[in-house]
Structure formats: structure tokens, C-alpha cells
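Novice: Below: one structure in C-alpha cells.
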Amino acid sequence: MIVITAPTSTIGRILVNDLLADDLLDSGARLRLVARDPQRLDPEVRNHPGVEVVKGSHGDPAVIDQACAGAEAVFWLAPDEPTAPSLQAAYVDFTRPACDAFARHGVQRVVAISALGRGTSLGERAGMVTASLAMCDLIAASGVAFRAVACPSFMHNLLNHAKAIKEKNMFFMMAAPDLKNPTVATRDIAATAARLLLDPSWNGSGQVACLGPENLSPNDMAQIISDVLGTEVGYQQLPGAALKDRLTGFGMSDAMAQGMVDMFDAKNQGLDLAEPRTAESTTPTAFRQWCEEVLKPAVAAA
Ligand SMILES: NC(=O)c1ccc[n+]([C@@H]2O[C@H](COP(=O)([O-])OP(=O)(O)OC[C@H]3O[C@@H](n4cnc5c(N)ncnc54)[C@H](OP(=O)(O)O)[C@@H]3O)[C@@H](O)[C@H]2O)c1
């Protein structure tokens, strides 16, 4: 039994489809999905014979306890809860009941989504990233075999800018315009998580980085987006204070908005460049391909 938390997330949806497409279900393995609202799952997934659904939040002790009974492996994704009172509450406290359940039910393997920055001084003052790394430490301390899928910023984040790209031919982030950083497609993160969940041979704790195939600056991205959309699209860097105002204006708590600013500040100082690029950490989906397949239709629909 493999438990999938946040199966309605961007990564979780792809992961569930990848696992259902694999022949694991032929060998008798099953998936248990933990969803607050099972109606948000695709009907083919919800009604699949190899799938069980546990209704509720995976941060709820009773829900995650029920989900972990008899489970061999767990996929863990802590939501970026925008109204959380603190980063500790959003990532570490949210994960604590699960760690108790992993130990209580003898779960063997946990694979979690996290961020780059482990082992760096920048990672100790990087807002959301620091909290995510603390979450991973908590999971590893529960005694399970553990792998963090360590990610740079997702290509997917640009979907939040589809309307601005369509209406203003611009996108706005806090990232330094010429700093080349890795960026990764969620499909490649999900593929890495699926591989780890299906492989019983690893143990101990560690991380597997997913760096995409190349490092790109926001200005590089603007050039690629312009090529793909066939119209000039520019990039403008937002100061941290302006980003924070914008996020709190959308209803984000002060703590989460500050966590976002601190994270981008650390990224601008090289947080995402410490992890060496290797054949294993280089994931296949190029930014141009992602723009053609995902961003272009999203901008058209915005
Ligand atoms: N974006 C980045 O650049 C980046 C980089 C590195 C790491 N990460 C990490 O990646 C993760 C986000 O992945 P994603 O983009 O795939 O997620 P996502 O699409 O934002 O989905 C969030 C999921 O969390 C669920 N959820 C929200 N609040 C919940 C709650 N209180 N209890 C239970 N479930 C709740 C939502 O489900 P329902 O609403 O359907 O219940 C949804 O399935 C975060 O842990 C983030 O820190 C992100």
C-alpha cells in the first residue's frame, strides 16, 4: 500500500496518474489517497479498483493515522498554507502527526517534496525553504527510510503570471533578472517521486535533487516565452517589500509572506546553485517545451 497525500496538488495529480499507469497495480499493490474533498479527484482515479480514498486533511492526526495503517510507503507534500500563522505551523507542526503515525504503523519509506539548500548557511535563513528543510529533519528523525525530492522553483509558478503575460506582456517576480538558476517541471518531480516510491532498495535518509536540464535567468525565460508566444514579453524584478505587500493584499499572512520574501532573497544570493548538477539531478523537461505545452495554452485561456 502506497499512501499519497495531497493527491489533488499539481505534483500529486501527475504522481497518481504515473503510478496508476505503471504495472504496480498488476502486482497487487494499491494506492490510498488522502483528500480533503474526494470530489476534486478525477472520477477515473476515484473509482479505480486499485485506489482507496481517506477523506480529510493529512495534517489531522486521526486522518493520517487511519491512512498509514498497513502502509509500506508514503508520499508527503505539505501545502503552502497561505494563512498559516507561522512557517513552523505550516510545515513542521503540520507534519508532526504524520511522523507519529509513520512510527506507530511501521511505515518503511517516505518520499517528501522539499527544496534545495540543505547544508548551506543560506538554507538556514531562507524562509519557506528553511521550514521545509526542518520538516524533512522531523520526518527523518521518525526512523523511516526517507528521501526528500529537493527542488528549485517550479516552472509551474509562472502560471500565476499568465494573466499579466497576456494583458501586459510582462511578468513580475523578486528573482534577480540575470541570475541563472535551475527550474524544474512538476512532471519530472512526480516521475522522481514515483521511482522512489516503487523502489524498496534504498534506506537511511537523504535527498534527490531535480534541477531541470539547464539554468536560466528570468531574462532568459522572457526571451523563450517571447519566442514561444510570438510576442515580446518582458521581465521586471519586484523589490521584496512590494512582493510582500502584494502577497498580504491577496490574504497571505504576514509570516508566510515574509517567508516568501526571505526565500527569494536567499535564492538571489545563490541558494539554488549549491547543489551540483549531475546526470541524476538533471531532469528532462526543458523550459521551452514546458512553455509550448503548458504556458502557451494557459496564457491563451487567461
Ligand atoms: N512552487 C515552488 O517553486 C516550490 C519549490 C520547492 C518546493 N515546493 C513545495 O512544493 C509543495 C507544493 O506542491 P504543488 O505546487 O504540487 O502543490 P499545490 O498544487 O499548491 O497543491 C496544494 C495541495 O495541498 C492541499 N491542501 C491545501 N491545504 C490543505 C490542508 N490544510 N490540509 C490538507 N491538504 C491541503 C490541496 O488540496 P485541496 O485543496 O484539494 O484539499 C492541494 O492538493 C509545497 O510543499 C512547497 O513548499 C514548491
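Novice: Given the criterion free of Cβ contacts under 8 Å to residues at least 40 places away in the same chain and more than 13 Å from L229 (Cβ to Cβ), identify the matching residue among D254, D272, D265.
Specialist: Step by step, each of D254, D272, D265 is checked, and only D254 is free of Cβ contacts under 8 Å to residues at least 40 places away in the same chain and more than 13 Å from L229 (Cβ to Cβ).
Novice: Residues of segment 141-175 being part of a loop (DSSP other than H, G, I, E, B) and away from the ligand (no atom under 16 Å from the Cβ), which ones?
Specialist: Across segment 141-175, the qualifying residues are S142, G143, V144, N169.
Novice: Determine which member of the set G249, G270, G234, G230 is within 22 Å of G117 (Cα to Cα) and modelled with pLDDT of 95 or more.
Specialist: The unique qualifying residue is G270.
Novice: Which residue pairs have Cβ atoms closer than 7 Å, lie 6 or more positions apart in sequence or on different chains, and pair a first residue in segment 51-63 that is free of Cβ contacts under 8 Å to residues at least 40 places away in the same chain with a second residue that is among the hydroxyl-bearing types (S, T, Y)?
Specialist: Taking only residues 6 or more apart or on different chains, the pairs are V63/S57.
Novice: Then there's this: Out of all the residues in segment 199-211, is one or more assigned to a helix (DSSP H, G or I), modelled with pLDDT of 95 or more and not aromatic (F, W, Y)?
Specialist: no
Novice: Would you point out which residue out of A140, A126, A162 is at pLDDT 95 or above and crowded, with 24+ Cβ neighbours inside 10 Å?
Specialist: After ruling out the rest, the residue left standing is A126.
Novice: Right, L31: within 10 Å of the ligand (Cβ to nearest atom), surrounded by 18 or more Cβ atoms within 10 Å (Cβ to Cβ) and modelled with pLDDT of 95 or more or not?
Specialist: Against the criterion (within 10 Å of the ligand (Cβ to nearest atom), surrounded by 18 or more Cβ atoms within 10 Å (Cβ to Cβ) and modelled with pLDDT of 95 or more), L31 does not qualify.
Novice: If I filter segment 63-77 down to residues being out of contact with any Lys or Arg (no Cβ under 8 Å at 6 or more places or on another chain) and farther than 18 Å from Y91 by Cα, which single residue comes out as surrounded by the most Cβ atoms within 10 Å (Cβ to Cβ)?
Specialist: Checking each candidate, the answer is Q66.
The values are calculated or read from the model by the stated rules, or taken from the named source; none is laboratory data. Predicted model, so just to flag it, every value in this text is computed and none were measured. Note: ideal-geometry Cβ built from the backbone for every residue, glycine included; neighbour counts use all protein chains shown.
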